[in-house]
Amino acid sequence: MGTGDWDVADVNFEVEEPGESELLAAARGGDREAFGRLVGPLRDELRAHCYRMLASVHDAEDTVQETLDRAWRGLARYQERGSIRPWLYKIATNRSLTLIERRGRRALPADMSPGAPLAETAWAEPYPDRLMIWTERLSPEARVLARESVELAFVAALQHLSALQRAVLLLCDVLGYSARGAADLLDTTTAAVNSGLQRARKAVAGQLTEPSQQRTLEALGEAAQRDLARRYIAAWEAEDIDAIVAMLAEDAKYSMPPLTAWYEGRAGIRGFLEEGPMKRRWRFLPTRANGQLAFGTYMWDADKAVYLPGGLDLLAVRGTRIAEVVSFLDADFTAFGLPAQLPETDTARRDDFADRPGL
């Protein structure tokens with residue numbers, strides 16, 4: 001590790017914690033362990049914030065690491081005004097804005113037709129639910145808001161905003177900062193924040209026409225979620241196209257980032273399944289991503305005699321039907337607690353099904 005690096009994992013969190021002021025004073029004196037205790041509890045929520053800004057888990061993690069490195073090196077210049085949290089958010093937000101500026105505004109693929117799924121046009125990536133465990137310490141209302149703010153549709157909609165609009169919407173509507181507070185963090189004016197916020201709210205509202213998945217799944221209930229997941233898995237593994245299609249909404253969409261091809265409606269999705277996926281054997285494992293039902297899908301590889309990753313399927317539910325499937329072909333299965341491959345005989349997988357949280 002470089003001189004500016006540090007690792008929260010090295011900190012012993014079992015000891016009684018001193019207050020933030022004491023930790024800050026010790027960190028300013030060069031105590032790296034005190035700095036780790038000071039910022040460690042905020043790391044996961046900072047990662048979620050950077051993910052919302054950047055739609056990439058990898059970029060979010062790198063940005064958080066850079067944020068904490070800069071905070072460590074800049075402690076002498078930090079003016080203590082209560083919690084260190086706003087200062088860290090200031091650094092993280094501005095580092096995200098810099099990264100967005102560096103990579104430029106990515107043009108849509110030439111063959112992306114109008115009406116394409118948001119996740120396709122925004123290059124959004126899935127986010128493991130295990131990285132949202134920190135929300136358990138929030139109030140029920142705040143927890144729902146935090147989890148709604150990493151849902152795929154919301155994160156994808158954010159990517160269609162300008163960088164500044166994205167930042168002010170997140171700071172004000174997700175993190176609860178006032179326009180003046182957000183202006184201070186962004187080194188801009190309150191008027192600029194209010195203007196950007198108004199435009200951002202209007203743009204996102206135009207993109208998001210469905211209730212959040214948090215609300216939808218809560219209304220559906222745990223038992224119905226389990227039943228839906230079980231039926232979806234059973235239909236795919238039985239190669240039952242009729243059963244899969246019957247679970248879809250009439251206007252359902254199916255896409256496979258990073259491929260630009262996508263399919264809409266029961267007939268369109270049926271045709272795609274018949275011509276492509278259903279020519280292979282599949283096994284599915286349930287997981288959770290972006291607060292939504294998700295599955296690691298595995299294709300049979302006859303040469304290796306194992307099932308290998310095919311894509312991470314993220315489902316959006318409307319009522320009791322599936323409104324959208326986004327299959328992330330390049331997803332890192334290990335990040336979602338999924339094995340790198342499955343044997344042909346996998347009874348242990350069946351036994352493990354009931355123990356998976358949220359399913």
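The values are calculated or read from the model by the stated rules, or taken from the named source; none is laboratory data. Being a predicted model, the structure only gives us computed values, none of them experimental. As a convention, Cβ positions derive from the backbone with ideal geometry for all residues, glycine included, and neighbour counts pool all protein chains shown.
Kindly check whether there is at least one residue in segment 37-53 that is touching a Pro at 6+ places or on another chain (Cβ under 9 Å), over 16 Å from Leu171 (Cα atoms) and modelled with pLDDT of 95 or more. Within segment 37-53, one or more residues are touching a Pro at 6+ places or on another chain (Cβ under 9 Å), over 16 Å from Leu171 (Cα atoms) and modelled with pLDDT of 95 or more.
Scanning segment 39-71 for residues that are among the charged types (D, E, K, R) and either closer than 19 Å to Leu138 by Cα or assigned to a loop (DSSP other than H, G, I, E, B) (or both) returns Arg43, Asp44, Glu45, Arg47, Arg52. Would you mind stating whether Arg166 is charged (D, E, K, R), in contact with a helix residue (DSSP H, G or I) (Cβ under 6 Å, 6 or more places away or on another chain) and more than 18 Å from Tyr127 (Cβ to Cβ)? Criteria not met by Arg166.
For Glu264, the criteria (1) within 15 Å of Pro117 (Cα to Cα); (2) surrounded by fewer than 14 Cβ atoms within 10 Å (Cβ to Cβ); (3) acidic (Asp, Glu) hold in every case but one, which is (2). Only one of the numbered conditions (1) outside any helix (DSSP H, G or I); (2) surrounded by fewer than 19 Cβ atoms within 10 Å (Cβ to Cβ); (3) modelled with pLDDT of 95 or more is not met by Asp173, and that is (1). One residue stands out among those in segment 197-212 that are within 14 Å of Val155 (Cβ to Cβ) and either in a loop (DSSP other than H, G, I, E, B) or assigned by TED's automatic domain parsing to the domain that holds Leu293 (or both): the one that is farthest from the chain's Cα centre (by Cα), which is Leu208. Does Arg231 count as assigned by TED's automatic domain parsing to the domain that holds Pro339, surrounded by fewer than 16 Cβ atoms within 10 Å (Cβ to Cβ), over 25 Å from Glu125 (Cα atoms) and touching a residue at least 40 places away in the same chain (Cβ under 8 Å)? Spelling it out, it is not the case that Arg231 is assigned by TED's automatic domain parsing to the domain that holds Pro339, surrounded by fewer than 16 Cβ atoms within 10 Å (Cβ to Cβ), over 25 Å from Glu125 (Cα atoms) and touching a residue at least 40 places away in the same chain (Cβ under 8 Å).
The residues of segment 234-255 that are assigned to a strand (DSSP E or B) and either free of Cβ contacts under 8 Å to residues at least 40 places away in the same chain or surrounded by 14 or more Cβ atoms within 10 Å (Cβ to Cβ) (or both), listed by number, are Leu248, Ala249, Glu250, Ala252, Lys253, Tyr254, Ser255.
Looking only at residues in segment 6-24 that are part of a helix (DSSP H, G or I) and surrounded by fewer than 15 Cβ atoms within 10 Å (Cβ to Cβ), the one that is modelled with the highest pLDDT is Glu22.
Restricting attention to segment 50-80, the residues that are hydroxyl-bearing (Ser, Thr, Tyr) and within 12 Å of the chain's Cα centre (by Cα) total 2. Can you spot a residue in segment 269-285 that is closer than 19 Å to Pro128 by Cβ, touching a residue at least 24 places away in the same chain (Cβ under 8 Å) and not in a helix (DSSP H, G or I)? Yes. Residue count for segment 279-315, restricted to those that are closer than 20 Å to Thr345 by Cα and among the hydrophobic types (A, V, I, L, M, F, W, C): 10.
Which residues, counting only those in segment 69-91, are over 14 Å from Arg28 (Cα atoms) and in contact (Cβ under 8 Å) with a residue 12 or more places away in the chain? Hits for segment 69-91 are Ser83, Arg85, Pro86, Trp87, Leu88, Tyr89, Lys90, Ile91. Among the residues of segment 161-183, the ones that are farther than 21 Å from Ala142 by Cβ and without any contact (Cβ under 8 Å) to a residue 60 or more places away in the chain come to 5 in all. When segment 89-124 is filtered for residues that are closer than 30 Å to Tyr263 by Cβ and modelled with pLDDT of 95 or more, nothing remains.
Quickly run through segment 289-308 and pick out the residues that are assigned to a strand (DSSP E or B) and surrounded by fewer than 21 Cβ atoms within 10 Å (Cβ to Cβ). Even if it seems obvious, please write down each step before you answer.
Step one: list which residues in segment 289-308 are assigned to a strand (DSSP E or B), which gives 289, 292-301, 306-308.
Answer for segment 289-308, where residues must be assigned to a strand (DSSP E or B) and surrounded by fewer than 21 Cβ atoms within 10 Å (Cβ to Cβ): Met299, Trp300, Asp301, Val306, Leu308.
Of the residues that make up segment 287-299, is at least one over 20 Å from the mean Cα position of the chain (by Cα) and not small (Gly, Ala, Ser)?
Within segment 287-299, one or more residues are over 20 Å from the mean Cα position of the chain (by Cα) and not small (Gly, Ala, Ser).
Criterion first (surrounded by fewer than 23 Cβ atoms within 10 Å (Cβ to Cβ), under 20 Å from the mean Cα position of the chain (by Cα) and either outside any loop (DSSP other than H, G, I, E, B) or without any contact (Cβ under 8 Å) to a residue 60 or more places away in the chain (or both)) does Ala316 satisfy it? Criteria not met by Ala316.
Considering segment 182-196 alone, what residues qualify as being of a type outside the set (S, T, N, Q) and assigned to a helix (DSSP H, G or I)?
Within segment 182-196, Ala182, Ala183, Asp184, Leu185, Leu186, Ala191, Ala192, Val193, Gly196 qualify.
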